[in-house]
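Participant: Sharing a structure below in structure tokens format, with a few things to ask.
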Amino acid sequence: MNIDLNVLDRLEKLTYALRTVYMGKGYARYRLGKFEEYDFYSRNKDFLISDNVITFMDTNGKLMALKPDVTLAIVKNLPDEPETLHKLCYDENVYRVSRTTNSFMEIMQAGLECIGAVDTACVGEVLSLAAASLAVCSGDYILEVSQLDILEAFLSAISDDRELKTALLKPVSEKNLHGVTALCRESGAEAEKAEPLCRLLKLSGPYGRVLPELEALCAHRGLEKELSDLRGALSVFDGTAAADRVVLDFSAVSNMNYYNGVIFQGFISSLPGSVLSGGQYDNLMRRLRRRSGAVGFAVYLDQIERLENLGEEDALC
Amino acid sequence: VLNIALPKGRLGDTVYDMFEAAGFPCPDIRANSRRLIFENPAEDLRFFAVKPMDVAIYVERGAADVGVVGKDVLAEFSPEIYELLDLGIGRCRMAVAAPAGFRDTGRGALRVATKYPAVARDWYAARGRDIDVIRLNGSIEIAPKLGLSDVIVDIVETGATLRENGLAVIEDLFPISARLIVNKASYKFKGERIDRLVRELSRQTEGKA
């Protein structure tokens, strides 16, 4: 069968280019062939980007959900085999409320999941594929990486109060140092205790430059393993052209009830928000009573489609 | 180009003075004109003058890389942005005000007139109080007098307008001042210039915030 690539539109070309990258690294294509019950998503709604879900009644009377997310469904349907590594990629339409239009939209999403025996090398591979996904779309990209266990340690140094730590995530995500200090003061925590967290948030830049500063800041905090894992995962970029495009920044946060360890976001010059996000989600696996580790990411193709020169990149031709 | 959204009006004038002193000038802006976009090609700068309520949208959507906006707007819209600096100017507070002698009996939904429905909902939801939000765009202070609402949630600077309309503050929500906000993606690609702006503005705000 001959396929003329000229008949493909921009989004189709992008989807196939990403699939080529993922399958070239041994990721098997996963298709969501069925719908899940609404109850499954409602129990884990904080994991979803939007907790509004389109529902419908199945022929057997069960209330079903129209694909608000891909990761949850993959985890649910995959056998829990912590000794095996499942490498899966997907491109699927999902249905969720757009933050900008405040109405339901059909959104094309591509991504991959590594589930099972996830180790540092596996996290490194997923990071490198996240960078490769961004490079497919534009030569001018940034992959921003954070480590939630390190952030959690700095939050815990301020207070053990769960409510305060959760409240601090908002100013942390905004790099709002005056907000961090004010919140600590209001809640009765000593303002000086916020100083190390503020210093952590000021660290931002290519990982090669920031890692030594981070290690100095983390000294005597019992974070040797977290630092070693982070350094190990990032070493996949050592000596590569992507090294300067991978930045450490601890203002990147995700829901800690689900995510842990390394998390990341991707940005493309001229697009206003993140176009890719992902990370390790072992905490979600434990909530779903799975023993396996997990890491993955999603690429928001609806955002990338807005790139004016999309399709002119070599990778898409 | 570094795109900067400033709020129209007196606050915008003060903020521009600070940007100019920080080494981010655009002399055209001083000319008395009806234009809303001002450029300084030599410094690779473009300033927009937009409604204060809209600054956060311009920055969140990436039309502006940097903007200056009140904390009231940030609290209302919760935009996905970086809030890098409290400029310490445009100080006032968000408050609940009511006619003299008002007592909330707790019966029925409290009628709240406001330009900030999300702020009002969050405040009363945290206190377990049902409210009926009446969204207005201005002259909020007359709503209780005309029987439109029981209380108002609004910005209070000196309290003079409240007093002249027979109202008094019954609860303070949070202090407000102008904040420097930055689009998250812009910060990744124009971080050095933005950091320089933040450093220079910080020098001017020391002691104010």
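The values are calculated or read from the model by the stated rules, or taken from the named source; none is laboratory data. Just so it is clear, the structure is predicted and the values come from calculations on it, not from any experiment. All Cβ positions, glycine included, derive from the backbone under ideal geometry; neighbour counts span all protein chains shown.
Participant: If you scan segment B:41-78, which residues turn out to be outside any helix (DSSP H, G or I), closer than 15 Å to A:Asn176 by Cα and modelled with pLDDT of 95 or more? Lay out the reasoning, then the answer.
Facilitator: So in segment B:41-78, the residues outside any helix (DSSP H, G or I) come out as B:44-51, B:61-70, B:78.
This time we only want the ones that are closer than 15 Å to A:Asn176 by Cα, so: B:66-70, B:78.
Scanning segment B:41-78 gives B:Val66, B:Gly67, B:Val68, B:Val69, B:Gly70.
Participant: Something else about it: Kindly provide the set of residues from segment B:188-209 that are part of a helix (DSSP H, G or I), within 29 Å of B:Val119 (Cβ to Cβ), away from chain A (no Cβ under 11 Å) and not aliphatic (A, V, I, L, M), ordered by number. Please lay out each step first, then the result.
Facilitator: Residues of segment B:188-209 that are part of a helix (DSSP H, G or I), as a first pass: B:188-189, B:191-205.
Imposing the further condition that a residue be within 29 Å of B:Val119 (Cβ to Cβ) reduces the set to B:194, B:197-198, B:201-202, B:204-205.
In the following step, the residues that additionally are away from chain A (no Cβ under 11 Å) were identified as B:197, B:201, B:204.
Listed by number, the list holds a single entry, B:Gln204.
Participant: Go through the residues of segment B:113-131 one by one and say whether even a single one is over 27 Å from B:Pro79 (Cα atoms), in contact with a Gly (Cβ under 8 Å, 6 or more places away or on another chain) and in a loop (DSSP other than H, G, I, E, B).
Facilitator: Residues of segment B:113-131 over 27 Å from B:Pro79 (Cα atoms): none.
Within segment B:113-131, none of the residues are over 27 Å from B:Pro79 (Cα atoms), in contact with a Gly (Cβ under 8 Å, 6 or more places away or on another chain) and in a loop (DSSP other than H, G, I, E, B).
Participant: So which residues in segment A:148-187 are closer than 12 Å to A:Met256 by Cα, surrounded by fewer than 18 Cβ atoms within 10 Å (Cβ to Cβ) and aliphatic (A, V, I, L, M), if there are any at all?
Facilitator: Passing the criteria: only A:Leu169.
Participant: Continuing with the same structure: Considering every residue within segment A:270-282, establish whether at least one is out of contact with any strand residue (DSSP E or B) (no Cβ under 9 Å at 6 or more places or on another chain), closer than 23 Å to A:Ala157 by Cβ and not small (Gly, Ala, Ser).
Facilitator: Start the filter on segment A:270-282 by keeping residues that are out of contact with any strand residue (DSSP E or B) (no Cβ under 9 Å at 6 or more places or on another chain), which leaves A:270-271.
This time we only want the ones that are closer than 23 Å to A:Ala157 by Cβ, so: none.
Checked segment A:270-282: no residue is out of contact with any strand residue (DSSP E or B) (no Cβ under 9 Å at 6 or more places or on another chain), closer than 23 Å to A:Ala157 by Cβ and not small (Gly, Ala, Ser).
Participant: Determine which member of the set A:Leu197, A:Leu217, A:Leu155 is away from every other protein chain (no Cβ under 14 Å), touching a Pro at 6+ places or on another chain (Cβ under 8 Å) and assigned to a helix (DSSP H, G or I).
Facilitator: Details: A:Leu197 fails: touching a Pro at 6+ places or on another chain (Cβ under 8 Å); A:Leu155 fails: touching a Pro at 6+ places or on another chain (Cβ under 8 Å).
So the residue among A:Leu197, A:Leu217, A:Leu155 that is away from every other protein chain (no Cβ under 14 Å), touching a Pro at 6+ places or on another chain (Cβ under 8 Å) and assigned to a helix (DSSP H, G or I) is A:Leu217.
Participant: With respect to A:Asn93, determine if the residue is away from chain B (no Cβ under 14 Å), closer than 23 Å to A:Val53 by Cβ and out of contact with any Leu (no Cβ under 7 Å at 6 or more places or on another chain).
Facilitator: Numbers: away from chain B (no Cβ under 14 Å): yes; closer than 23 Å to A:Val53 by Cβ: yes; out of contact with any Leu (no Cβ under 7 Å at 6 or more places or on another chain): yes.
Yes, satisfied.
Participant: If you don't mind, there's one more thing I want to ask. Only one residue in B:Gly128, B:Gly159, B:Gly101, B:Gly90 is in contact with a strand residue (DSSP E or B) (Cβ under 7 Å, 6 or more places away or on another chain), without any contact (Cβ under 8 Å) to a residue 12 or more places away in the chain and of a type outside the set (Ser, Thr, Tyr), so which one is that?
Facilitator: On the way: B:Gly128 fails: in contact with a strand residue (DSSP E or B) (Cβ under 7 Å, 6 or more places away or on another chain); B:Gly101 fails: in contact with a strand residue (DSSP E or B) (Cβ under 7 Å, 6 or more places away or on another chain); B:Gly90 fails: without any contact (Cβ under 8 Å) to a residue 12 or more places away in the chain.
Just one listed residue meets the conditions, B:Gly159.
Participant: Separate question: Determine if segment A:120-129 includes at least one residue that is polar (S, T, N, Q), in contact with a Gly (Cβ under 6 Å, 6 or more places away or on another chain) and not in a strand (DSSP E or B). Step through it out loud before you land on a result.
Facilitator: Just the residues of segment A:120-129 that are polar (S, T, N, Q), to begin with: A:120, A:128.
Now narrow it down to the ones that are in contact with a Gly (Cβ under 6 Å, 6 or more places away or on another chain): A:120.
In the following step, the residues that additionally are not in a strand (DSSP E or B) were identified as A:120.
Checked segment A:120-129: at least one residue is polar (S, T, N, Q), in contact with a Gly (Cβ under 6 Å, 6 or more places away or on another chain) and not in a strand (DSSP E or B).
Participant: Can you pull out the residues in segment B:52-75 that are under 19 Å from B:Ala118 (Cα atoms) and either touching a Lys or Arg at 6+ places or on another chain (Cβ under 8 Å) or not small (Gly, Ala, Ser) (or both)?
Facilitator: Step one: of segment B:52-75, the residues under 19 Å from B:Ala118 (Cα atoms) are B:52-57, B:60, B:69-75.
Correct list: B:Pro52, B:Met53, B:Asp54, B:Val55, B:Ile57, B:Glu60, B:Val69, B:Gly70, B:Lys71, B:Asp72, B:Val73, B:Leu74.
Participant: Further question: Here are some conditions: (1) within 14 Å of another protein chain (Cβ to nearest Cβ); (2) free of Cβ contacts under 8 Å to residues at least 24 places away in the same chain; (3) loosely packed, with under 15 Cβ neighbours inside 10 Å. A:Pro212 meets all but one. Which one does it not meet?
Facilitator: (1)
Participant: Within segment B:85-138, can you find the residues that are among the hydroxyl-bearing types (Ser, Thr, Tyr) and within 30 Å of B:Val66 (Cα to Cα)? Can you show your working first?
Facilitator: Filtering segment B:85-138 for residues among the hydroxyl-bearing types (Ser, Thr, Tyr) gives B:105, B:114, B:116, B:124.
Hits for segment B:85-138 are B:Thr114, B:Tyr116.
Participant: Name the single residue that is farthest from A:Ala167 (Cα to Cα) among those in segment B:98-128 being more than 19 Å from the chain's Cα centre (by Cα) and crowded, with 20+ Cβ neighbours inside 10 Å. Can you show your working first?
Facilitator: Kept after step one, since they are more than 19 Å from the chain's Cα centre (by Cα), are these residues of segment B:98-128: B:98-112, B:124-128.
With the extra rule that they be crowded, with 20+ Cβ neighbours inside 10 Å, the set shrinks to B:98, B:110, B:112.
Values: B:Ala98: 30, B:Leu110: 27, B:Val112: 26 Å.
By that ranking, first place goes to B:Ala98.
Participant: Another one. Being part of a strand (DSSP E or B) and either among the hydrophobic types (A, V, I, L, M, F, W, C) or more than 24 Å from the chain's Cα centre (by Cα) (or both) is the filter here, so list the residues in segment B:88-97 that pass it.
Facilitator: Applying the first criterion (part of a strand (DSSP E or B)) to segment B:88-97 yields B:92-97.
Those that are part of a strand (DSSP E or B) and either among the hydrophobic types (A, V, I, L, M, F, W, C) or more than 24 Å from the chain's Cα centre (by Cα) (or both): B:Cys92, B:Met94, B:Ala95, B:Val96, B:Ala97.
Participant: Here's a follow-up. Looking at (1) over 18 Å from the mean Cα position of the chain (by Cα); (2) outside any strand (DSSP E or B), which one does B:Thr158 not meet, given that it meets all the others?
Facilitator: Status for B:Thr158: all satisfied but (1).
Participant: Another one. In segment A:242-253, is there at least one residue being crowded, with 19+ Cβ neighbours inside 10 Å, modelled with pLDDT under 95 and in a strand (DSSP E or B)?
Facilitator: no
Participant: Would you point out the residue of segment A:118-139, among those that are within 14 Å of another protein chain (Cβ to nearest Cβ) and modelled with pLDDT under 95, that is farthest from A:Tyr90 (Cα to Cα)?
Facilitator: Restricting attention to segment A:118-139, the residues satisfying the condition of being within 14 Å of another protein chain (Cβ to nearest Cβ) are A:131, A:134, A:137-139.
So of that shortlist, the ones also modelled with pLDDT under 95 come out as A:137-139.
Values: A:Cys137: 17, A:Ser138: 21, A:Gly139: 23 Å.
The qualifying residue farthest from A:Tyr90 (Cα to Cα) is A:Gly139.
Participant: Additional query: In segment B:149-187, what residues are within 14 Å of another protein chain (Cβ to nearest Cβ) and over 24 Å from B:Gln204 (Cβ atoms)? Working first, answer last.
Facilitator: As a first pass, look at segment B:149-187 and keep what is within 14 Å of another protein chain (Cβ to nearest Cβ): B:172-187.
Scanning segment B:149-187 gives B:Asp172, B:Leu173, B:Lys184, B:Ala185.
Participant: Which one of these does A:Thr181 not meet: (1) within 14 Å of chain B (Cβ to nearest Cβ); (2) at pLDDT 95 or above; (3) part of a helix (DSSP H, G or I)?
Facilitator: Checking A:Thr181 against (1) within 14 Å of chain B (Cβ to nearest Cβ); (2) at pLDDT 95 or above; (3) part of a helix (DSSP H, G or I), the one that fails is (2).
Participant: Can you tell me which residues in segment B:162-183 are in contact with a strand residue (DSSP E or B) (Cβ under 7 Å, 6 or more places away or on another chain) and closer than 19 Å to B:Val112 by Cβ?
Facilitator: Let us first name the residues in segment B:162-183 that are in contact with a strand residue (DSSP E or B) (Cβ under 7 Å, 6 or more places away or on another chain), namely B:162, B:166-183.
Within segment B:162-183, B:Leu162, B:Gly166, B:Leu167, B:Ala168, B:Val169, B:Ile170, B:Glu171, B:Asp172, B:Leu173, B:Phe174, B:Ile176 qualify.
Participant: Check segment B:129-145 and report whether any residue there is surrounded by 13 or more Cβ atoms within 10 Å (Cβ to Cβ), hydroxyl-bearing (Ser, Thr, Tyr), over 30 Å from B:Glu43 (Cα atoms) and more than 13 Å from every other protein chain (Cβ to nearest Cβ). Steps first, please.
Facilitator: Step one: of segment B:129-145, the residues surrounded by 13 or more Cβ atoms within 10 Å (Cβ to Cβ) are B:129, B:131, B:133-134, B:136, B:140-144.
If we keep only those that are hydroxyl-bearing (Ser, Thr, Tyr) as well, we get none.
Within segment B:129-145, none of the residues are surrounded by 13 or more Cβ atoms within 10 Å (Cβ to Cβ), hydroxyl-bearing (Ser, Thr, Tyr), over 30 Å from B:Glu43 (Cα atoms) and more than 13 Å from every other protein chain (Cβ to nearest Cβ).
Participant: Select from segment A:258-281 the residues that are part of a loop (DSSP other than H, G, I, E, B) and touching a Leu at 6+ places or on another chain (Cβ under 8 Å) and write down the one among them that is nearest to the other protein chains (Cβ to nearest Cβ). Full working, then the answer.
Facilitator: First, the residues of segment A:258-281 that are part of a loop (DSSP other than H, G, I, E, B): A:258-259, A:269-275, A:281.
Okay, now just the ones that are also touching a Leu at 6+ places or on another chain (Cβ under 8 Å), so A:258-259, A:270-271, A:275.
On the way: A:Tyr258: 19, A:Tyr259: 18, A:Ser270: 8, A:Leu271: 6, A:Val275: 9 Å.
Per the stated criteria, the residue is A:Leu271.
Participant: OK, next. For A:Thr59, only one of the following conditions fails: (1) of a type outside the set (A, V, I, L, M, F, W, C); (2) within 30 Å of A:Ser138 (Cβ to Cβ); (3) at pLDDT 90 or above. What is its number?
Facilitator: Condition (2) is where A:Thr59 drops out.
Participant: Of the conditions (1) in contact with a strand residue (DSSP E or B) (Cβ under 7 Å, 6 or more places away or on another chain); (2) within 14 Å of chain A (Cβ to nearest Cβ), B:Ile57 clears all except one; give me its number.
Facilitator: For B:Ile57, the exception is condition (1).
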